[in-house]
Amino acid sequence: MGIVHRLIFVMKSKYLSKIVLVTIFLITTYLLLNMDNINNSNSSLVVEVNPSIESTYKYEIISENSNYDENTKIRNGYTETAHLSLLHKKFNINDKDFNFCINFERYDIKFANEESTKKENKTNDSTTRSSKILTALLNESFYIKVSKTGKIEEFYGHDLFRKKIDSIFINSRENIDLAEPSSWAFTPKFLIKTFERILSNLPDSAITKDFSWKKVDTFNEFIPLEITTNFVVKSIADNTINILSSSNISEESIYQGLPIKRTGFQKGEIYIDSTEGMLLKSENLIHLKAEYKIGKVNQTLLSTSNKKILLISKN
């Protein structure tokens, strides 16, 4: 019986050895076949804004904005749709160098107000202030100088655009209504933020999968709100960087003597071409609750802003 036991032990040992060898072979094969994906996910990557010279990138931006007054039960809002073209080329204007020319090829604003109608959207016609501003915008070119990290260092063209707007209203003896989104929106800060959503989505340092960073930005030109956004790299694969963004909002401020408390959240997702550093698509949702008091009556206003950007062509 001792000999039989030894034979069985030897046979089992040889069998287990084969299993171990096969397992090692399979693991080694898997690692070799997926080495590129592993390297792309874990290795450090430096991404720069480096598009092809004389290439034109066309983007569609859709921004849906709504407000709901809990006291009056009235909901209103507006939707903006813009098409921008970015030409990457060397420009010299007034002895300053620029590397992008930006044109608005389309800009529409549709207003909706449930108080007046639940089925129809109010659209601008050629006689409204908004339409006059948008017409001037579509006929203007803006030039920017962008660093390799996507930071906008120089901005040219807004002064000419503003003079054109002023001449329109002076000639028509009208004043610009700052309550209209199309009026106060096209300030230099607004335009730069729009361009930065396309060009400035990465930190200055190298990144890896799960790399995270923070960025402080100002939301809402009308009543400024500082938001600290947390970013994290979800994945790096197939020449695409996928980034998630999020933030919690809690802020108290005073606007024209009126104390306002704002709470809410922001979340978004960004896809970037890792070879050129250019945006492929993004979506960003901000939900705010504003609480304030008029006289002795508490007021609550709910606001939602959802902005989507998509690269629709590259030539």
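The values are calculated or read from the model by the stated rules, or taken from the named source; none is laboratory data. Keep in mind the model is a prediction, meaning the values are calculated, not measured. All Cβ positions, even for glycine, are placed from backbone atoms using ideal geometry, and neighbour counts span all protein chains on display.
In this structure, is Ser282 over 23 Å from Ile243 (Cβ atoms), of a type outside the set (A, V, I, L, M) and in a strand (DSSP E or B)?
In short, no.
Of the conditions (1) at positive phi; (2) crowded, with 16+ Cβ neighbours inside 10 Å, Asp95 fails just one. Which one is it?
That leaves (2) as the condition not met.
Restricting to region 287-307, and then to whatever is under 11 Å from Thr263 (Cα atoms) and charged (D, E, K, R), can you tell me which residue is nearest to the chain's Cα centre (by Cα)?
Lys289
Take region 292-315 and flag every residue that is surrounded by 15 or more Cβ atoms within 10 Å (Cβ to Cβ), over 18 Å from Lys267 (Cα atoms) and either in contact with a His (Cβ under 6 Å, 6 or more places away or on another chain) or modelled with pLDDT of 95 or more (or both).
Result: Leu311, single match.
Checking the structure you have, find out if any residue of region 180-195 is modelled with pLDDT of 85 or more and outside any helix (DSSP H, G or I).
no
Which ones in region 200-225 are under 24 Å from Ser305 (Cα atoms), in a strand (DSSP E or B) and over 16 Å from the mean Cα position of the chain (by Cα)?
Within region 200-225, just Leu225 meets the criteria.
Out of curiosity, is Thr263 over 23 Å from Thr194 (Cβ atoms) and either outside the structural domain of Ile198 (by TED's automatic domain parsing) or among the polar types (S, T, N, Q) (or both)?
yes
For every residue, the table says whether it meets (1) of a type outside the set (Gly, Ala, Ser); (2) more than 15 Å from Leu199 (Cα to Cα); (3) assigned by TED's automatic domain parsing to the domain that holds Leu87; (4) not in a strand (DSSP E or B).
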site	(1), (2), (3), (4)
Val232	yes, yes, yes, no
Asn248	yes, yes, yes, no
Gly268	no, yes, yes, no
Ile309	yes, no, yes, no
